[in-house]
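Since the structure comes first, as structure tokens, the remarks are kept for the end.
The values are calculated or read from the model by the stated rules, or taken from the named source; none is laboratory data. Just so we're clear, the structure is a prediction, and the values are computed from it rather than from any experiment. Here the Cβ positions follow ideal geometry from the backbone for every residue, glycine too, while neighbour counts run over all protein chains shown.
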Amino acid sequence: MAVVTDVDKLYLCNDRISEATDKSKNEREFKYIIAEAKQGSVKAGQLAAQLIPRFFKYFPKLAEEAIDQHHNLGADEDRGVSNLSHC
């Protein structure tokens, strides 16, 4: 059985939100993206830095948390995403 990585799960969240007619119904997936921005691997952080701004507008209740995590990714030089989060 194949191991599902944090990056794989992020891509799955991306697909679920992207394919949804009412994207706001996928709050659980967006929360997962934000959580991976905090605690995921470096690659997960890089992907989360791209996904947060892509889906941000669909989840206004999570705006503050999403902005904070996206900003933190940009400030964390060890995660290697500082350039991505300033796009």
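Restricting 57, 31, 61 to those that are within 10 Å of the chain's Cα centre (by Cα) and assigned to a helix (DSSP H, G or I) reduces the list to 31.
Could you list, in sequence order, all residues of the stretch 15-28 that are in a helix (DSSP H, G or I) and either basic (Lys, Arg) or more than 14 Å from residue 57 (Cα to Cα) (or both)?
Taking the stretch 15-28 and keeping what is in a helix (DSSP H, G or I), we get 15-19, 23-28.
Of everything in the stretch 15-28, those that are in a helix (DSSP H, G or I) and either basic (Lys, Arg) or more than 14 Å from residue 57 (Cα to Cα) (or both) turn out to be 15, 16, 19, 23, 25, 28.
When restricted to residues that are under 16 Å from residue 73 (Cα atoms), aliphatic (A, V, I, L, M) and surrounded by fewer than 21 Cβ atoms within 10 Å (Cβ to Cβ), the stretch 35-62 contains 2. Within the stretch 14-41, residues that are acidic (Asp, Glu) reach partners that are assigned to a helix (DSSP H, G or I) and surrounded by fewer than 13 Cβ atoms within 10 Å (Cβ to Cβ) with beta carbons closer than 8 Å, at six or more positions or on different chains, in the pairs 27/61. Does any residue of the stretch 36-45 turn out to be in a loop (DSSP other than H, G, I, E, B), aliphatic (A, V, I, L, M) and at pLDDT below 95? No, there is no match, as no residue in the stretch 36-45 is in a loop (DSSP other than H, G, I, E, B), aliphatic (A, V, I, L, M) and at pLDDT below 95. Condition check: in contact (Cβ under 8 Å) with a residue 24 or more places away in the chain and not polar (S, T, N, Q). Does residue 67 satisfy that? When the stated conditions are applied, residue 67 does not pass them.
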